[in-house]
Amino acid sequence: MKIYITDLEAYNNGYLVGSWLDLPMDENILAEAMEAVLYRGRNECKHKHHHEELFITDYEADITISEYDNIYCLNELSERLEGMNNDDLLKLKLLSYEGYNEREVLINGLDNYEVDIYDYSSDTSFTDVYELLAYDLVTDGLFGSIPSHLENYIDYSAIGRDLSMDYVEFEHGILGRVV
């Protein structure tokens, strides 16, 4: 996670004084980095007082960040995010897409949420992802054992349309649902 912190007083007076921070980092180093931005703001801005508040003007992260988020809390969340594998990140993105609060999900733990995710992002065919899901679910036996002489009569497109009522494509080629 990367955030760009800015001195609010300097910003309000027409100066852009800030710094990119790579989170997570040691809390003492984080405090020093934040103070360094405020110090630069006091030196570069004509108004030498009230350089006490920082805000976030840009970010690169797997979660949504607002300009007045607590930077120390973000540092803790970034530690949790750093330890996540790709499957967990996809799970978090799906839950966020479905309206769940990302921070609450991280605090409660991803294991408390049951989701199904199917990743077809590397599929280079022009087949609809819902049809691909239908094919996989039929192949996995979700609809029971299909006799081989009936396999050619399965309408994967129709099954895919039905599945699109339960599953969402929350990223290109990635389907999921919250169970």
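Before moving on, here are some points about what is shown:
- Pick from region 129-145, criterion hydrophobic (A, V, I, L, M, F, W, C) and open to solvent by 40 Å² or more (accessible area, probe 1.4 Å), ranking: nearest to R177 (Cα to Cα): L142
- For K93, the criteria (1) closer than 20 Å to Y113 by Cβ; (2) surrounded by fewer than 15 Cβ atoms within 10 Å (Cβ to Cβ) hold in every case but one, which is (2).
- Residue in region 66-78 that is in contact with a Lys or Arg (Cβ under 8 Å, 6 or more places away or on another chain), surrounded by 13 or more Cβ atoms within 10 Å (Cβ to Cβ) and over 30 Å from L92 (Cβ atoms) present: no
- Check on Y167, touching a strand residue (DSSP E or B) at 6+ places or on another chain (Cβ under 6 Å) and open to solvent by 80 Å² or more (accessible area, probe 1.4 Å): no
- The residues on offer are S148, S125, and the sole one that is at pLDDT below 90, more than 21 Å from the chain's Cα centre (by Cα), of a type outside the set (V, I, T) and open to solvent by less than 80 Å² (accessible area, probe 1.4 Å) is S125.
- Which listed residue is among the small types (G, A, S), assigned to a helix (DSSP H, G or I), touching a Pro at 6+ places or on another chain (Cβ under 7 Å) and closer than 30 Å to M34 by Cα, from S96, S78: S78
- Positions within region 57-72 being out of contact with any strand residue (DSSP E or B) (no Cβ under 8 Å at 6 or more places or on another chain) and touching a residue at least 12 places away in the same chain (Cβ under 8 Å), in sequence order: D62, I63, T64, Y72
- Selection status of S122, of a type outside the set (F, W, Y), in contact (Cβ under 8 Å) with a residue 24 or more places away in the chain and not in a helix (DSSP H, G or I): yes
- Residue check, I63 open to solvent by less than 10 Å² (accessible area, probe 1.4 Å), of a type in the set (A, V, I, L, M, F, W, C) and touching a Ser or Thr at 6+ places or on another chain (Cβ under 8 Å): yes
The values are calculated or read from the model by the stated rules, or taken from the named source; none is laboratory data. These numbers come from a predicted model, not from an experiment. A quick note on method: Cβ atoms are made from the backbone with ideal geometry, for glycine too, and the neighbour counts reach across all protein chains shown. Accessible surface areas use protein heavy atoms only, side chains included; no ligands, DNA or RNA. Shrake-Rupley method; radii C 1.70, N 1.55, O 1.52, S 1.80 Å.
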